[in-house]
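Trainee: To start, I am sharing the structure in question, which I have written as structure tokens.
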């Protein structure tokens, strides 16, 4: 009987994937260093680096220069999904879209684990409203990774797309996002902003946006005025 052995790097990769999926290594947690992995798997540096590179390519980890490898806040994307956004719903009427920043401050402790920062380090926090004509459609909040300088937000408080602002000002391109969606009961202050009844059920979406290095840049909880906008996701098969 012919026995086919896995390559060493593939064995290391499979074991690390299993540990990530089973939450032995949890979201945001740092993996052992390359030297420690060499010892754990009784391997040389080459197969360990190959395994880490494959984990990064497959979206299980992200790597920070000089700091190490960390478990990403995701699982590999399904073959039927692609990133869409608010613009796709209003592409034919984009000239009628406007936004207003109604609050900007700094907070700490919010998403520090995701951003891999000290819990006492401050994070820029924006509160914004997006309109279609005179009608409020979205109430948005943004928690921004501290690598983004806060002065770019104060220069133009009426920008429409945060992703485009960051790319234009800093050359950082958002290439991937993940979302969680949940129904909520609206709070009085949000009901007033969106001009809806207090008993109106609304949709809350939390979007986390990542750059090409799989670094989380923006955590964006937003509330949808479902009187005006039905949440829509497009699916497109990717055979690549």
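Trainee: What nm distance separates the two modelled labels at residue 45 and residue 26, each placed 7 Å from Cα along Cα→Cβ?
Mentor: 3.3
Trainee: Per residue and in cubic angstrom, what volume does the convex hull of the Cα atoms of the stretch 107-164 have?
Mentor: In the stretch 107-164, the Cα convex hull volume per residue is 91 Å³.
Trainee: Here is a further query. Using a Förster distance of 35 angstrom, determine the FRET efficiency expected from the C-beta separation of residue 58 and residue 119, and round it to 0.05.
Mentor: FRET efficiency, residue 58 to residue 119: 0.75.
Trainee: Can you give the three extents of the C-alpha atoms in the stretch 1-68 along their principal axes, from longest to shortest, in whole Å?
Mentor: Over the stretch 1-68, Cα extents along the principal axes are 44, 24, 20 Å.
Trainee: By how many nm would the segment from residue 102 to residue 213 lengthen if fully extended, with 0.36 nm per residue of separation less the alpha-carbon distance? Intermediate values should be presented prior to the final figure.
Mentor: Details: separation 111, 0.36 × 111 = 39.96 nm, distance 3.10 nm.
Gain on stretching residue 102 to residue 213: 36.9 nm.
Trainee: Right, another one. Expressed in nm to one decimal, what extension gain is obtained for the pair residue 18 and residue 154 from 0.36 nm per residue of sequence separation less their Cα-Cα distance? Could the numbers behind the result be given before it?
Mentor: Working: separation 136, 0.36 × 136 = 48.96 nm, distance 4.42 nm.
The residue 18-residue 154 span can extend by a further 44.5 nm.
Trainee: Tell me, 187, 122 in order of fewest to most beta-carbon neighbours within 10 Å?
Mentor: In order of increasing Cβ crowding within 10 Å: 187, 122.
FYI, it's all coordinate maths here, none of it is from the lab. All of these numbers come straight from a predicted model, not from anything done at the bench. Cβ atoms come from the backbone with ideal geometry, glycine included; neighbour counts cover every protein chain shown.
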